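Since the structure comes first, as structure tokens, the remarks are kept for the end.
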Amino acid sequence: MNIQKNWDLLKENDADIYNAIIGEEEREAKGVELIPSENYTYPEVFAANGSILTNKYAEGYPGRRYYGGQTYTDIVESLAIERAKKLFNCEHANVQPLSGSPMNQAVYFAFLKPGDTVLAMDLSHGGHLTHGAPVSHMGKIFNFVRYKTNPDESGKIDFDELMKMAKEHKPKIVMCGYTSYPRDYDYADFKKVADEVGAMTFADVAHIGGLIAAGVMRNPFDYGFDVVSTTTHKSLRGPRAGMIMCKKEFSAAIDKSVFPGLQGGPHMNTIAGIAVALGKALQPEFKEYGKQVLKNAKILVKILMDNGAKLVTNGTDNHMMVMNTVKSFGIDGRVAEETLDKISITVNKQIIPDDANPPLRPSGVRLGTPAATTRGMKEEEMEKIGKWIVEALKNYQDESRLADLKKEVEELFVKFPVPGI
């Protein structure tokens, strides 16, 4: 493939789109992404994701497709499956889910009937929309009973209370997983609760999939979990997609739920990108990357807290932290997000446990270290970033000071190139 020729054609024939892409390249290069669900993928993933595999319909699974011409698609998908199984020490993997939401929907539809009960984490306490938030379609189809974290500073889960809830509501699935919970999960305790009421165990590890693959965070399969889902574009550094892994006894139900139950033809170019990312994650360098992500998070937490920031759960066990900006600096999360945008540090506004503020003006922001770590930043850079964040939020109305901070930020970040650009 002549990649440069393709870019030249895009520039010539659709300058608006071309310029927007170039603009995004420049934005990413000058600043840093601290949104914990974002990362910078590998150049090799760009190549696979933009490859000729985009052209191919491949409904079905390797060796049993509904279209001809599948010689190379079968190779690609089989490699992705085998690499996933090896990385996560699981018996079966489905790499076709188009993203995080459909992967979780496929799990629900594989094992539940409308109205069945799932015990899952409350959205404001760290759960995801697909974990049964009332505004989601899944929350309308199934009966989600939502558990919360303790109100004390630790933010831990009360498993005695969780056991009471399970015995009362008799869920078909006990689910753990998060989108803004800065702790690791006690999978053995979740398994104990599920076994007590005869429920399946399901972990959504979308945020920490790469950290589990790197061996620096616990693996639910080591604790007997039945099903695990993860996205591939966060800490795994792959393309935007999802995977479902499970015990062999559940493989047929999962595969049928993904296709033909929920989706049609898989995106083979994306599956190629998944295979590439999983291959990278099998290398020794990826373990070091995972360790550095956690080191960087610990340093960033320390700097923020030492400078007056109030963090949900009072720290972190993983790659992310949630800052209560109202308590810390007297501003809501939207103002904090917009302020940090002005100095080229990208975070996202975030609800906090039982937030009294609306979702678009929540009481906090969410930060994470995978993307900065990908660019080679370490403890020294995290200290600077933490101090810049505090300085900006304390001076959110001082445009002159923010302009000066922006220059300092961009002078540092250009020394750490974004992979692939």
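With the requirement that a residue be of a type outside the set (Phe, Trp, Tyr), touching a residue at least 60 places away in the same chain (Cβ under 8 Å), within 20 Å of THR130 (Cβ to Cβ) and outside any helix (DSSP H, G or I), what does region 196-221 give you? Residues satisfying the conditions are ALA199, MET200, ASP204, ALA206, HIS207, ILE208.
Among the candidates VAL174, VAL193, VAL197, the residue that is closer than 17 Å to PHE221 by Cα, β-branched (Val, Ile, Thr), more than 25 Å from the chain's Cα centre (by Cα) and surrounded by 15 or more Cβ atoms within 10 Å (Cβ to Cβ) is uniquely VAL193.
Could you check region 381-421 and list, in sequence order, the residues that are among the acidic types (Asp, Glu) and in a loop (DSSP other than H, G, I, E, B)?
Of the residues in region 381-421, the ones among the acidic types (Asp, Glu) are 381, 383, 391, 398-399, 404, 408, 410-411.
Of everything in region 381-421, just one residue is among the acidic types (Asp, Glu) and in a loop (DSSP other than H, G, I, E, B), namely ASP398.
Taking only pairs six or more apart or across chains, which ones have beta-carbon atoms under 9 Å, a first residue in region 82-97 that is at positive phi and at pLDDT 95 or above, and a second residue that is assigned to a helix (DSSP H, G or I) and among the aliphatic types (A, V, I, L, M)? Going by the 9 Å Cβ cut-off, there are no qualifying pairs. Residues of region 56-94 that are surrounded by fewer than 21 Cβ atoms within 10 Å (Cβ to Cβ), closer than 16 Å to LYS248 by Cα and in contact with a Lys or Arg (Cβ under 9 Å, 6 or more places away or on another chain): GLU91, HIS92. Could you tell me whether region 333-340 includes any residue that is modelled with pLDDT of 95 or more, under 24 Å from LYS378 (Cβ atoms) and assigned by TED's automatic domain parsing to the domain that holds ALA392? Yes, region 333-340 contains at least one residue that is modelled with pLDDT of 95 or more, under 24 Å from LYS378 (Cβ atoms) and assigned by TED's automatic domain parsing to the domain that holds ALA392. Scanning region 177-190 for residues that are farther than 12 Å from VAL205 by Cβ, touching a residue at least 60 places away in the same chain (Cβ under 8 Å) and surrounded by fewer than 21 Cβ atoms within 10 Å (Cβ to Cβ) returns a single hit, ARG183. For region 37-45, the condition holds for no residue, the condition being that it is in contact with a helix residue (DSSP H, G or I) (Cβ under 8 Å, 6 or more places away or on another chain) and modelled with pLDDT under 95.
Which one of these is of a type outside the set (Asp, Glu), modelled with pLDDT under 95, surrounded by 17 or more Cβ atoms within 10 Å (Cβ to Cβ) and outside any loop (DSSP other than H, G, I, E, B): THR270, THR313? Spell out the reasoning first.
Details: THR270 fails: modelled with pLDDT under 95.
Being of a type outside the set (Asp, Glu), modelled with pLDDT under 95, surrounded by 17 or more Cβ atoms within 10 Å (Cβ to Cβ) and outside any loop (DSSP other than H, G, I, E, B) holds for just one of THR270, THR313, which is THR313.
Restricted to region 246-274, and to residues there that are aliphatic (A, V, I, L, M) and in contact with a Pro (Cβ under 9 Å, 6 or more places away or on another chain), the residue that is farthest from THR369 (Cα to Cα) is LEU262.
The values are calculated or read from the model by the stated rules, or taken from the named source; none is laboratory data. As the structure is a prediction and not an experimental result, all values here were calculated from the model. So basically every Cβ, Gly included, is an ideal-geometry build from the backbone, and we count neighbours across all protein chains shown.
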